[in-house]
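**Student:** Take a look at the following structure, please.
Here, each number is a calculation from the coordinates, and none is a lab measurement. Predicted model, so just to flag it, every value in this text is computed and none were measured. A quick note on method: Cβ atoms are made from the backbone with ideal geometry, for glycine too, and the neighbour counts reach across all protein chains shown.
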Amino acid sequence: MSKIARRRNGTNQRGQLILEQLLRTGSLTIEELCQRFGISVATARRDLEQLEKQAEAAAWEGLNKKDVNALKAYLAQHLSSPYRGEAEKALGQLAATDRTKRDQEEIGQALARYAHAIEAKDATAIQSIWPGISAGTLKDLRDTFKASSSLSMELTPSSIQVTGDSAVAACSRRIIQESHGRRESSGNVSVRLRRTDHGWVIDSMQ
């Protein structure tokens, strides 16, 4: 065995002994290390630094990086960890994913409110969900309400893409109108929405 290999082997064995001592006593000073193993202060410091790096690596490796609370706890407990940047990035990605899911749920609820307003023939509710609806479109809806004994609408999003405070929902739409008979129509519609202080509202529908 070469001198370098013997030195590394000795360092590893000493590191294991230091770790065992720390587990038993909970603490170990530089002076105690020097006396216990007959090493210099510089060597003792290097050994402790190496153990700290190994401990940090083990803590990061064993961390559930898909758990927001686990990542927050790691950042709170490991203030000088070399993995803080990765932990912060992972936390940011999880937060963004959660935010997108919440946005998609809220957009789905806004679309459901619009469909319900159509079924209730409630022009006022429609304007609150679609504040920029044109006068012509609103008139057409009111004419449809008057001509229908009942209306049923299914507005089902197949995909919702959120970009900041804007979103586009690709939906399938099915309308059943009762008026001297039953008339049914279906097709696809693209709904553009925007975020407001009071939630998501419709900007356009085509």
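**Student:** Among 157, 181, 126, pick out the residue whose Cα is farthest towards the positive end of the charge dipole of the chain, where Lys and Arg carry +1 and Asp and Glu carry -1 on C-beta, about the Cα centre.
**Tutor:** Towards the positive end, the residue furthest out is 157.
**Student:** Then there is this: Starting from a Cα-only point model with no solvent, please compute log10 I(q)/I(0) by Debye for the chain at q = 0.18, 0.19 1/Å.
**Tutor:** -1.18, -1.25
**Student:** How are the C-alpha pair distances of the range 136-206 spread across 5 Å bins, as whole percents from the shortest bin up?
**Tutor:** Histogramming the range 136-206 at 5 Å steps yields 4, 15, 19, 21, 18, 13, 7, 3, 1, 0 percent.
**Student:** Turning to a different aspect of this structure: Using a simple charge model, +1 on the beta-carbon of Lys and Arg, -1 on the beta-carbon of Asp and Glu, nothing else, what dipole does the chain show about its Cα centre, in debye to the nearest 20?
**Tutor:** 640
**Student:** On to the next question. Lys/Arg Cβ at +1, Asp/Glu Cβ at -1, dipole of the chain taken about the Cα centre: which of 50, 13, 136 is farthest positive-ward?
**Tutor:** So the residue we want is 13.
**Student:** Hey, another quick one. Taking only the C-alpha atoms, wrap a convex hull around the range 8-127 and report its volume per residue in Å³ as a whole number.
**Tutor:** Spelled out: Cα convex hull of the range 8-127, divided by residues, is 140 Å³.
**Student:** Same structure again: Convert 25 °C to kelvin, take the viscosity as 0.890 mPa s, use the Kirkwood radius over C-alpha pairs of the range 76-168 as Rh, and evaluate the Stokes-Einstein diffusion coefficient in µm²/s, rounded to a whole number.
**Tutor:** For these conditions, the coefficient is 149 µm²/s.
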